[in-house]
Amino acid sequence: MRKYSITLTVLITLLFACTTEKQPGALDESASDTLRLPQEVHLANIRQLTFDGENAEAYFSFDEQWLTFQSTRNDMECDQIFIMDLNGGNLSRVSSGKGRTTCAYWLPDGEHLIFSSTEAHDPGCLPDPDRSKGYVWKLYPEFDIHKIRKDGTGLEKLFASRGYDAEATVSPKGDKIVFTSTRDGDPEIYSMKIDGSDVRRLTFEKGYDGGAFFSPDGSKIVFRANRPQTADELDAYHELVTEHLVRPTRLEIYVMNADGSDVRQVTNNGKANFAPFMHPDGKRIIFSSNMDESNPRNFDLYMINIDGSDLKRITYFEEFDGFPMFSRDGKKLVFCSNRNNRKAGETNIFIADWID
């Protein structure tokens with residue numbers, strides 16, 4: 001459930017208009033310059049890789065020849081898992097098309113992925129969360145973590161509990177998986193070995209903890225958390241979490257050691273900060289936030305030191321930018337954005353050169 005679903009009115013941007021018709025799966029060379037806003041000095045040669053639907057959470061394979069992502073497109077009612085190459089070509093669906101899916105990530109061998117699915121419990125998409133309670137995420141207890149070959153065969157359950165099990169990512173060292181689970185009642189962060197064994201709980205504070213990623217050397221974990229402080233906040237949190245819901249309108253970025261020790265808060269702005277990912281230098285975090293906008297659905301990418309200093313804004317598009325991931329050498333950044341979309345609310349995947 002790392003996906004931050006957003007439906008927005010499209011900003012009319014002739015700045016991003018291209019003179020040639022773009023074909024899905026094909027690079028638009030003219031977009032290299034026009035997709036970047038003048039203030040986005042850390043980005044260059046932005047290329048659009050998808051052109052239709054709601055696409056999110058695009059992550060590099062270990063050899064950085066492929067991306068996996070989740071997408072709701074065509075006549076789909078909920079997300080399924082796809083892969084494509086770094087040019088947007090060789091697109092194929094990996095998941096079966098049944099159930100809800102989320103949070104796909106590559107395993108070190110490049111032949112397998114992990115992702116969460118509700119297929120074993122219900123072949124349908126399951127009802128959307130009750131939005132009469134405001135903007136909330138549903139932590140579906142039907143989500144289990146699965147392993148699958150990149151050709152869509154060999155589906156097997158890797159980890160399952162009686163609660164929500166999702167948001168799984170893999171250490172760059174290739175030895176551990178970090179994920180979020182409600183197996184103990186509260187949404188907490190856990191780690192396990194690649195084969196699903198040796199499950200260990202890492203967080204213990206009341207509140208939602210999730211969206212975790214390892215540092216480049218695997219020694220630290222960066223994550224997002226909503227930790228209620230007052231009695232009223234705790235009451236509101238408990239009311240939602242008993243219905244498998246969380247309200248993501250206030251999330252802060254945290255860092256801890258890979259064993260769960262030395263938890264440190266990085267941001268403290270009271271906004272929705274999410275999708276943190278460490279720069280390859282291990283000293284900085286890129287993340288998405290609505291901290292500077294009067295519109296709470298207007299998200300941009302920011303970078304900050306792990307000690308909370310030297311905050312910098314990276315993107316300036318007036319709708320949604322999120323889900324950033326660096327290549328291992330720090331020269332490429334893949335992210336998702338509403339920029340240059342064809343329909344209101346569509347989110348697409350982009351890759352850019354990183355200018356440090």
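The values are calculated or read from the model by the stated rules, or taken from the named source; none is laboratory data. Treat the numbers as computed from the prediction; the structure is a model and nothing was measured. We place every Cβ from the backbone using ideal geometry, glycine too, and count neighbours over all the protein chains shown.
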- Item | region 245-256 residues that are touching a residue at least 60 places away in the same chain (Cβ under 8 Å), paired with ones that are of a type in the set (D, E) (beta carbon under 9 Å, 6 or more apart) | L245/D130; L245/E239
- Query: Within region 268-283, is even one residue surrounded by 19 or more Cβ atoms within 10 Å (Cβ to Cβ), more than 16 Å from the chain's Cα centre (by Cα) and either modelled with pLDDT of 95 or more or closer than 25 Å to K332 by Cα (or both)?
  - Reply: no
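Looking for whichever is small (G, A, S) and assigned to a loop (DSSP other than H, G, I, E, B) here; the options are G211, G185. Which one fits? Quick ask: steps written out before the conclusion?
Numbers: G211 fails: assigned to a loop (DSSP other than H, G, I, E, B).
The unique qualifying residue is G185.
For the condition closer than 29 Å to M256 by Cβ, without any contact (Cβ under 8 Å) to a residue 12 or more places away in the chain and of a type in the set (G, A, S), what is the one hit in S288, S327, S309, S294? Give the steps one after another, and end with the answer.
Values: S288 fails: without any contact (Cβ under 8 Å) to a residue 12 or more places away in the chain; S327 fails: without any contact (Cβ under 8 Å) to a residue 12 or more places away in the chain; S294 fails: closer than 29 Å to M256 by Cβ.
Selected residue: S309, the only one of S288, S327, S309, S294 that is closer than 29 Å to M256 by Cβ, without any contact (Cβ under 8 Å) to a residue 12 or more places away in the chain and of a type in the set (G, A, S).
Per-residue answers, yes or no, for (1) in a loop (DSSP other than H, G, I, E, B); (2) in contact (Cβ under 8 Å) with a residue 60 or more places away in the chain; (3) under 19 Å from the mean Cα position of the chain (by Cα):
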| site | (1), (2), (3) |
| --- | --- |
| G110 | yes, no, no |
| F115 | no, no, yes |
| E119 | yes, no, no |
| D122 | yes, no, no |
| C125 | yes, no, no |
| Y135 | yes, yes, yes |
| Y140 | yes, yes, yes |
| I145 | no, no, yes |
| T153 | yes, no, no |
- Go through the residues of region 343-352 one by one and say whether even a single one is basic (K, R), in contact (Cβ under 8 Å) with a residue 40 or more places away in the chain and touching a helix residue (DSSP H, G or I) at 6+ places or on another chain (Cβ under 7 Å). no
- Query: Across region 129-156, what is the number of residues that are within 29 Å of K220 (Cβ to Cβ) and surrounded by fewer than 16 Cβ atoms within 10 Å (Cβ to Cβ)?
  - Reply: 0
- For G53, are the conditions met, namely being touching a residue at least 12 places away in the same chain (Cβ under 8 Å) and either over 22 Å from P324 (Cβ atoms) or out of contact with any strand residue (DSSP E or B) (no Cβ under 6 Å at 6 or more places or on another chain) (or both)? no
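Among the residues of region 195-217, is there at least one that is out of contact with any Phe, Trp or Tyr (no Cβ under 7 Å at 6 or more places or on another chain), under 15 Å from I114 (Cβ atoms) and of a type outside the set (S, T, Y)? Working first, answer last.
Narrowing region 195-217 to residues out of contact with any Phe, Trp or Tyr (no Cβ under 7 Å at 6 or more places or on another chain): 195, 197-198, 203-206, 208, 214-217.
Applying the additional criterion that residues be under 15 Å from I114 (Cβ atoms) yields 195, 197, 214.
With of a type outside the set (S, T, Y) added as a condition, the list becomes 195, 214.
Checked against the condition, which is being out of contact with any Phe, Trp or Tyr (no Cβ under 7 Å at 6 or more places or on another chain), under 15 Å from I114 (Cβ atoms) and of a type outside the set (S, T, Y), region 195-217 yields at least one hit.
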- Message: For region 155-166: of the residues being within 13 Å of M192 (Cβ to Cβ) and either of a type in the set (D, E) or outside any strand (DSSP E or B) (or both), which is nearest to the chain's Cα centre (by Cα)?
- Response: D165
- Note on the structure: Here the residues within region 219-235 that are surrounded by 14 or more Cβ atoms within 10 Å (Cβ to Cβ) and under 26 Å from S294 (Cβ atoms) are R224, A225, N226, R227, P228, E233
- Any idea which of L67, L113, L107 is modelled with pLDDT of 95 or more, within 13 Å of L155 (Cβ to Cβ) and not aromatic (F, W, Y)? L113
- Query: If you scan region 159-176, which residues turn out to be surrounded by 24 or more Cβ atoms within 10 Å (Cβ to Cβ) and among the aliphatic types (A, V, I, L, M)?
  - Reply: A166, A168
- Task: Mind listing just one residue for me: the one in region 337-356 that is more than 16 Å from the chain's Cα centre (by Cα), among the hydrophobic types (A, V, I, L, M, F, W, C) and assigned to a strand (DSSP E or B) and, of those, surrounded by the fewest Cβ atoms within 10 Å (Cβ to Cβ)?
- Result: W354
- Task: Could you check how many residues of region 89-108 are part of a loop (DSSP other than H, G, I, E, B), in contact (Cβ under 8 Å) with a residue 60 or more places away in the chain and surrounded by 23 or more Cβ atoms within 10 Å (Cβ to Cβ)?
- Result: 0
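Scan region 227-238 and give yes if some residue there is under 25 Å from V334 (Cβ atoms) and of a type in the set (A, V, I, L, M), otherwise no. Explain how you work it out, then say what you get.
Of the residues in region 227-238, the ones under 25 Å from V334 (Cβ atoms) are none.
Taking every residue of region 227-238 in turn, none turns out to be under 25 Å from V334 (Cβ atoms) and of a type in the set (A, V, I, L, M).
Listed here are the residues, each with its yes/no results for (1) hydroxyl-bearing (S, T, Y); (2) part of a loop (DSSP other than H, G, I, E, B); (3) modelled with pLDDT under 95; (4) surrounded by 18 or more Cβ atoms within 10 Å (Cβ to Cβ).
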{"position": "E252", "(1), (2), (3), (4)": "no, no, no, yes"}
{"position": "D259", "(1), (2), (3), (4)": "no, yes, no, no"}
{"position": "I286", "(1), (2), (3), (4)": "no, no, no, yes"}
{"position": "I304", "(1), (2), (3), (4)": "no, no, no, yes"}
{"position": "G308", "(1), (2), (3), (4)": "no, yes, no, no"}
{"position": "T315", "(1), (2), (3), (4)": "yes, yes, no, yes"}
{"position": "E318", "(1), (2), (3), (4)": "no, yes, yes, no"}
{"position": "D321", "(1), (2), (3), (4)": "no, no, no, yes"}
{"position": "F335", "(1), (2), (3), (4)": "no, no, no, yes"}
